[in-house]
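A short write-up of the structure that comes next.
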Amino acid sequence: MKLKKTYSYALWSAIYLTLLSVAIGGISYIMYSKQFGINSVVIAILVLFLISFFIIQYRAEHFIYRRLKKIYEDVSILDVNDLKRESTTTDIEKLSKSMQKFVEGKRLEIKNLTERDSFRRDFLGNVAHELKTPLFTVQGYILTLMEGAVNDKEIRMKYLERANKGAERLVAVIKDLDMIAKLENDGLKLNIDVFNMLELIQNVFDLLEMKAKKRNLTLQFDKIYEFPVFVKGDIEKIEQVLINLIVNSIKYGKPNGTTIVGVENYNDTKFIIKIIDNGEGIEKEHISRLFERFYRVDQSRSREQGGSGLGLSIVKHIVEAHDENILLKSTYGEGSEFSFTLEKAR
């Protein structure tokens, strides 16, 4: 039978005290053996042992109880009413586990708050920078026109076109900020339906054809498909995913290059849609962070190409809202392959 820890403590303390008393009593007995009989000495030893044991037990338990009560009062997760004097010694392990859990919870809470604060600062800085650049551009051209350049027809049209591009970029940033705020705060409401994935890809090709031609890029399927490929998902949101990924391949693909889109079996219940380009590719150190908001591999070139820096983050949110996976493979200097899964229609 396992003894309470204070009983063990009291027992050994009493034994030590008794042994000390026996030693003292033995010496006294030798010196005064004629006055005290052996029976009297044994009785005295037993009485001393019992008195020592109960005094030590009471003091140890009282000492621990008072300190445990103070800890229970100080720590919010512990209820002092749960503490009973008779169970103080067994509560040491319980208290230790509770405190470890409390400390671990606070550590994680502090870590999360620190990360959130860091993210908030980075996010506000990024938003300010993304909005500031096109705003200053638009403001600069308008001020130049107001100062007299408006009278020159050629300069006027050139500056108005440039101001319009800056305004378009502002609109793109704000639209993407609005979308990602809704995705993260309100959650994404999906209208799941069955649709032909090949038809949707072709529609996106038609939509982005002029953008691709400006960079002499070709958009094409990986093969000729004899039959439709039906999937389940929110067609508008999946169209947004395709647009973002294909626009990304156009921006960073090499001139006269090709963007290839294909649909393959992923497993018995899912297809995988692949968007492959033969552009610059992505260095390994950037791949893990590529889906972060405002993260850009090449800051200067990215801003020259336009965009909000939120496209891939939006893609990730939409795909994950479908309980699907977004994947990326890239070889620097050779190209990239973005892919995502979708459920097969049955």
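Structure above, values below:
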read-out: Note, ³J(HN,Hα) from phi for the range 263-274, Karplus 6.51, -1.76, 1.60, rounded to Hz, x at Gly and Pro; value: 10, 10, 5, 9, 7, 5, 10, 9, 9, 10, 9, 10
read-out: Rounded percent of accessible protein surface that carbon and sulfur make up, the range 176-284, 1.4 Å probe; value: 48 percent
read-out: The range 164-247: relative contact order as a whole-number percent, Cα under 8 Å and 6+ apart; value: 41 percent
read-out: Cα gyration tensor category, rounded, prolate or oblate, for the range 140-277 with a/c compared to 1.5; value: oblate
read-out: Over 24 Å between alpha carbons, listed pairs Lys132/Lys254; Lys132/Lys237; Lys182/Lys211; Lys132/Lys158; value: Lys132/Lys254; Lys132/Lys237; Lys182/Lys211
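The values are calculated or read from the model by the stated rules, or taken from the named source; none is laboratory data. What you see is a predicted model; the values in this text were computed from it and never measured. Side chains are part of the model used for accessible areas, which takes the heavy atoms of the whole protein and leaves out ligands, DNA and RNA. Shrake-Rupley method; radii C 1.70, N 1.55, O 1.52, S 1.80 Å.
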